[in-house]
Amino acid sequence: MDISNIYDFVSSKQVFAFKEELMHNQELLEEKTGKGRDFLGWLNLPSSTTDKELEAINQVAADLRSKSDVVVVVGIGGSYLGSKAAIEALGNSFSNILLDKENPIVLFAGQNICEDYHKELLELLDNRSYSIVVISKSGTTTEPAVAFRLLKQHLENKVGKAEASQRIVAITDKSKGALRKLADQEGYRTFVISDDIGGRYSVLTSVGLLPIAIAGFSINDLINGAKDAERNTGINVRFDENPACIYAAARNALYRKGKNVEIMVNYTPKLHFLTEWWKQLYGESEGKENKGIFPAGVDFTSDLHSMGQYIQEGERIIFETVLSVGKPLRILTIPNDPANLDQLNFLSGKRYSEVNRMAEQGTILAHIDGGVPNIKITIPELTPYWLGYTMYFFERACALSGYTLNVNPFDQPGVEEYKKNMFALLGKQRCRLVWRVVE
């Protein structure tokens, strides 16, 4: 992590002024004495995950891979964003249209209530062999519950109820809830979502690990990366050597200077959904009690031709966190053109990644000159190990930052408000529509 490009806006002294507070926040986490202390099951999850647990997940993943062209993961929020982020980051950019895939295509449902989306999904599944992974603690969250109702009926009609029960895996509560009851009745294989882990912190549980394993990526390496991140961001690591503490301190120092929008920037399309996962993690954790840094995201260089203008010259309420990938996994050089009509022969022989790197560095310099502080986080390469490391780092830093804002980083009371009005409008009994009167 490099925070040197924020020092034109906040001083090193102002960042390190958070040292005592953040080390205290580390104690709140480790001793489980802070707000939301009943939801800290994720904190030591990497180091407590056993080989036996990983093997159980890998075995189910292998079985679903053997019988499926497609696996549909049903879930919303943290029940889908983490696995979607990992699969997109680690996979081929065009994996969903390749015909020679060794692993099934992983698709998602229940993350929206769009009629066209789900009808088109059912039509796609009509002529394909598929399985379902349904993820919900309660089984009654509207979006995934409705989608699972559709898919369950479709699969049972397609292959029969007995075979469908072997193609459906439920990730849910240990003993209670509608999905647990259904899974027990129908004989689905199940994995448990621990009561002390919230959805947005669940990517390193079976919630994220099973879909990632189904897609063919090493969850063992993913957990090993997270284990190292757990060790390197823990309470025994000095403040000035702890990336989670430094990130939390830097962003809160900028927030107190009026920079209340953080834009996550990437320079590879594979990281688009990692940004979406990060947005939920930080938005739900910090955005409460009229506080919090607003998380946004852009894909550069594409969005330099749209959002770039605002970032350069709009309201000066923004800071950027750049996710930079150190080493691409493939090599591609720019060819020479004898005619040179585009006048780009000065790039001949250079790797695409070198041009991308210069675009990244040039943009950082331009935005700093335009009044946008910049934090840079370098991921050495897009492998399961480094992705697991990165995700745990963001989780730990988010918890520390939430405590610095003096909010509970592990609840989301505002999420329920839209549901009350939606259910009332749909005619659900005992729901009352809340009208806001504007005079």
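Within region 166-184, the set of residues being open to solvent by less than 80 Å² (accessible area, probe 1.4 Å), without any contact (Cβ under 8 Å) to a residue 40 or more places away in the chain and in a helix (DSSP H, G or I) comprises Ala183 only.
For region 301-326, residues that are open to solvent by less than 80 Å² (accessible area, probe 1.4 Å) and outside any loop (DSSP other than H, G, I, E, B) total 13.
Being under 21 Å from the mean Cα position of the chain (by Cα), crowded, with 21+ Cβ neighbours inside 10 Å and modelled with pLDDT under 95: is that true of Lys84 here? No, not satisfied. Restricting the search to region 185-212, which residues are charged (D, E, K, R), assigned to a helix (DSSP H, G or I) and open to solvent by 30 Å² or more (accessible area, probe 1.4 Å)? The one that is charged (D, E, K, R), assigned to a helix (DSSP H, G or I) and open to solvent by 30 Å² or more (accessible area, probe 1.4 Å): Glu186. Selection of region 372-419 for residues being surrounded by fewer than 18 Cβ atoms within 10 Å (Cβ to Cβ), at pLDDT 95 or above and in a loop (DSSP other than H, G, I, E, B) yields Pro380, Glu381, Asn406. Scan region 18-27 and tell me whether some residue there is without any contact (Cβ under 8 Å) to a residue 40 or more places away in the chain, surrounded by fewer than 19 Cβ atoms within 10 Å (Cβ to Cβ) and out of contact with any Cys (no Cβ under 7 Å at 6 or more places or on another chain). Looking for residues that are without any contact (Cβ under 8 Å) to a residue 40 or more places away in the chain, surrounded by fewer than 19 Cβ atoms within 10 Å (Cβ to Cβ) and out of contact with any Cys (no Cβ under 7 Å at 6 or more places or on another chain), one finds at least one in region 18-27, hence yes. Put simply, of Lys270, Lys288 the only residue that is within 27 Å of Pro380 (Cβ to Cβ) and surrounded by 17 or more Cβ atoms within 10 Å (Cβ to Cβ) is Lys270.
Pairs linking a residue in region 283-306 that is at positive phi to a residue that is assigned to a loop (DSSP other than H, G, I, E, B) and hydrophobic (A, V, I, L, M, F, W, C), with Cβ atoms under 7 Å and 6 or more positions apart or on different chains, are Glu289/Val407; Gly292/Leu405. Sub-6 Å Cβ pairs linking a first residue in region 110-126 that is farther than 21 Å from Gly78 by Cβ and without any contact (Cβ under 8 Å) to a residue 40 or more places away in the chain to a second residue that is surrounded by 13 or more Cβ atoms within 10 Å (Cβ to Cβ) and of a type outside the set (Asp, Glu), at least 6 apart or interchain, are Leu122/His154, ordered by first then second residue.
The values are calculated or read from the model by the stated rules, or taken from the named source; none is laboratory data. Note that the structure is predicted; figures quoted are calculated from it, not measured. Note that each Cβ is placed from the backbone with ideal geometry, even for glycine, and that neighbours are counted across all protein chains shown. Only protein heavy atoms, including side chains, enter the accessible area calculation; ligands, DNA and RNA are left aside. Shrake-Rupley method; radii C 1.70, N 1.55, O 1.52, S 1.80 Å.
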